[in-house]
1. Want the number for Lys100 to Glu46: 0.36 nm per residue separation, take away the alpha-carbon distance, what's left?
2. Post the alpha-carbon centroid distance, segment 45-85 to segment 1-21, in whole angstrom.
3. Mind listing the long-range amide H neighbours of Glu67? Cut-off is under 5 Å, sequence gap 5 or more, other chains count too, H placed in the peptide plane at 1.01 Å from N.
4. Near Gln95, within a Cβ-to-Cβ distance under 14 Å, what is the net charge of the other residues, with Lys and Arg +1 and Asp and Glu -1?
5. Tell me, what are the semi-axes, in whole angstrom and largest first, of the equivalent ellipsoid of segment 58-104 as set by the roots of 5 times the Cα gyration tensor eigenvalues?
6. Which percent of the accessible heavy-atom area of the chain goes to carbon and sulfur, probe 1.4 angstrom?
7. Which lysines does Lys66 reach when only Cα atoms under 26 Å apart count, and residues fewer than 8 places away in its own chain are ignored?
8. Starting from the 7 Å offset along Cα-to-Cβ, what nm value, one decimal, do you get for the label separation of Ser71 and Ala83?
Amino acid sequence: SFSMDDARTRINAENAKFMESIKRGDSAGVAAIYTQDALVMPSNMEGVRKDGIASLMGSLMRMGVKEIKLSTEDLTGNQDLIAETGKYEMFADGQKSIDKGKYIVVWKPADGTWKMYRDIFNSSLPAAGSK
């Protein structure tokens, strides 16, 4: 039977795996947290399907992202889908903050746990060149 507390525990564990994989520079490890039919929607580009997620994460890392801290603000849903809203912060070497913003992840049960099915995130910093 469905328990939101159990789902929260599993989602927290998957988010911890995500953060750990980024720290290790393991883009395949990050991609493994997504469902086979996942879609990631980053700012300033088209959506990315499962087969492109490792490459997307790899390019973030090559751009200097060494760490991403996720903080969940809300989880709501049921046994079929859970929506997570939260905030993120990206760091370069030496804990230098390079971006912060917000995200929504829709989680779906897969492979005996919860995996990311839809992931959209965008910066809360002013766009380059804006006043």
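The values are calculated or read from the model by the stated rules, or taken from the named source; none is laboratory data. Given the structure is predicted, the values throughout are model-derived calculations rather than measurements. In this analysis, Cβ positions are derived from the backbone assuming ideal geometry, glycine residues included, and neighbour counts consider all displayed protein chains. Quick note on the areas: whole protein, heavy atoms, side chains included, nothing else; ligands and nucleic acids left out. Shrake-Rupley method; radii C 1.70, N 1.55, O 1.52, S 1.80 Å.
1. So the extension gain works out to 17.4 nm.
2. If we compute the Cα centre of each part, the gap is 14 Å.
3. Phe91
4. Neighbour charge sum, excluding Gln95 itself: +1.
5. Result for segment 58-104: semi-axes of 27, 11, 7 Å.
6. After summing per-atom areas, the C and S share lands at 52 percent.
7. Lys17, Lys23, Lys50, Lys87, Lys96, Lys100, Lys102, Lys115
8. Each label point lies 7 Å from its Cα, and together they span 2.2 nm.
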